[in-house]
Amino acid sequence: MILPNIEKRQKNSSIHDKVMFLLNDLYTESNLSRDQLFFLLEHLSKEELPHLYNLAYKKKYTYYQNKVFMRGLLEISNYCSRGCHYCGIHRQNKVISRYRLSKEQIYTCIDEAYSLGYKTYVLQGGEDPYFTDELMEEIIREIKQRYPNTRITLSLGERSYASYKRLYEAGADRYLLRHETASKELYQHLHPSDMDFEQRRECLTNLKEIGYQVGAGFMVHTPKQTNQDLVEDLLYLKELKPDMIGIGPFLAHSSTVFKEASSGTLEETLVMVALTRLMHPEVLLPATTALGSLHKIGREKALKVGANVLMPNISPTATRKDYEIYESKICIDDTADHCRNCIESRVVGVNHQIDLSVGDPIYYNERR
Ligand code: SAH
C-alpha cells in the first residue's frame, strides 16, 4: 500500500504540523532525508495536498513560468524482445498485431510534426532488433539534415554503450529510459529473470556519460510497490540528476500477468509529480499520456502541480491502437493535427502557454 492517507482527513494535529513543516523544508532545501521522505509518504493526507500542490506549482513557476514544452511522440515499433510483466507489448503477447514503421513513414510523420510546429521528436518503441544501429543512424541523420535546429529524443530501451554512442554521434540529443523502480527486489518482481536491475542503471550512467540529456522515471502503484520503494525512487533520482523525469500511473493490462492488479490513481500520481518537482526544481517533468488516459483532465492537473512538458502523439492513426503498452490509451483515433490543437486548447484552459522552442532544461546552455 502506498500513500495510505491521501484520501483521508488528518486526525492528529501534531502529525499535520510535522507534514507541513517537512513540505516547507522540501520547498526551501529541495531535499529531505530517507526517514523524512518516508514519514511524508506515510502521513501525507488530504489536508496537506493543496499546500503540496501550491508549493510545487510555485517552484515550477519560478524556473519555467507557465510554459509547457511540446514534444511530438512517434511510436516507431511495437515489436519487443523483452518481457516486462506490466507492459502490453511484451514479447509473449500474441493478441496484439505487430507493426513497425518504415523509414519513409517515419519521415512523413516528422515532416508533418515539423509543419505543426514541433521542434522535438521522440522516437519510441519496443526493443526491436530490426532497428539496428545502421538504420537508426540513417534515420537520425536524415531528420537532422531536413530539420537541423531540432532535437531528437530516442526511447528504444536498453542498448550497448557503443550503440548509444553511435546514435549520439549521428545526432540524437536525448534518451528516455525510465529506471522503472530503484528497488532491486521490486525490479525483479516486475521483470522476467533475463532482465537485470544493474544493467538498466548502467545504461542510464552510460547515456549520461556520452552526453545525452537523459530521462529516467518510474510508474506509481505497480504491484507490490511500497512507500519504501517510492522513497528509493526519489533518492535515486536525486543521485542520478536526470534532465527529465517521467512519472505515470501503472495501468493494469489484460494481456499481462498483472491483469488482476489494481492500477495507480490520479491523486497518487499527482503527489509523486509534485514531490519530484520540489526535489528537482529545474527538471523537465512531463504530464504523461498515462495520466491523461487514467483521467480526462489528468494531464492538466499535472501541469498545476509542477509538470511542464507534454508529448502529443504524432504516430500514424492506423498504428496508434497497436502501441498498446496499457489499455484505454487516449487519442488512438486521432491525427497529429488534431492532437496538436486539442493539446493547445487544454493547456490554455488551465492558464498555461505552449512553448514550441526545442525546450532544453534551463541550465543547459550554461553547462555546455
Ligand atoms: N522500450 C522502451 C519504451 C517503453 S514504453 C523502454 O524500455 O524504455 C515507455 C514507458 O511506459 C515504460 O518505461 C514504462 O514505465 C511505461 N509503461 C509500460 N507499461 C505500462 C503500463 N502497463 N502502465 C503504465 N505505464 C506503462
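All of the numbers you see were taken from the coordinates with simple rules; none came from a lab. Note that this is a predicted model, so its numbers are computed, not measured. Ideal geometry is used to build each Cβ from the backbone, glycine not excepted, and the neighbour counts take in all protein chains shown.
Highest GNM mean-square fluctuation among GLN228, GLN145, GLN353, for the chain modelled with Cα contacts below 10 Å: GLN145. What share of the DSSP beta bridges in segment 76-201 is antiparallel, in percent to the nearest 5? If I count the DSSP bridges inside segment 76-201, around 10 percent turn out antiparallel.
In a reduced charge model with +1 at each Lys and Arg Cβ and -1 at each Asp and Glu Cβ, segment 259-345 shows a dipole moment near 140 debye about its Cα centre.
Principal semi-axes of the equivalent ellipsoid, √(5λ) from the alpha carbon gyration tensor of segment 261-368, are 24, 19, 14 Å from largest down. Between the listed residues GLY83, SER262, THR335, the Cα displaced farthest toward the positive end of the dipole of the chain, a dipole computed from Cβ unit charges relative to the Cα centre, is found at THR335.
This model, with +1 at the C-beta of Lys and Arg and -1 at the C-beta of Asp and Glu, gives segment 13-58 a dipole about its Cα centre of some 120 debye.
Can you give the Kirkwood hydrodynamic radius for segment 13-58, in Å, rounded to one decimal and based on Cα pairs?
Working: mean 1/r = 0.0946 Å⁻¹.
The answer is 10.6 Å.
Helical runs assigned H by DSSP (4 residues or longer) give the chain a calculated mean residue ellipticity at 222 nm of -13500 deg cm²/dmol, each run adding -39500 (n - 2.57) before division by the residue total.
Between GLY117, GLY248, GLY88, the GNM of the chain built on Cα springs shorter than 10 angstrom shows GLY117 fluctuating the most. Normalised size of segment 181-326, defined as Cα radius of gyration per 2.2 N^0.38 Å with N residues, equals 1.05. The charge dipole of the chain, taken about its Cα centre with unit charges on the Cβ of Lys, Arg, Asp and Glu (plus for the first two, minus for the last two), comes to roughly 560 debye.
Diffusion coefficient of segment 56-186 by Stokes-Einstein, Kirkwood radius over Cα pairs, 25 °C, 0.890 mPa s: 150 µm²/s. Inter-label distance, SER160 to VAL95: 3.7 nm, where each label sits 7 Å from its Cα along the C-beta direction. The equivalent ellipsoid that matches the C-alpha gyration tensor of segment 23-115 spans semi-axes of 40, 23, 11 angstrom, in descending order.
Pair-distance distribution P(r) for segment 162-211, from all Cα-Cα distances in 5 Å bins starting at 0: 4, 20, 28, 18, 14, 12, 5, 1 percent. Projecting the Cα positions of GLY215, ALA172, LEU116 onto the charge dipole of segment 65-367 (unit charges on Cβ atoms of Lys, Arg, Asp and Glu, taken about the Cα centre) puts LEU116 furthest along the positive direction. Taking 4.7 Å between beta carbons as the limit, the unpaired Cys residues of the chain are CYS80, CYS109, CYS203, CYS331, CYS339, CYS342. Cα centroids of segment 266-319 and segment 167-224: 19 Å apart.
Each peptide among 190-201, 93-104 gets the average number of other Cβ atoms lying within 10 Å of its residues, and from highest to lowest they stand as 190-201, 93-104. With coordinates expressed along the principal axes, the C-alpha atoms belonging to the chain extend over 62, 42, 39 Å, beginning with the largest.
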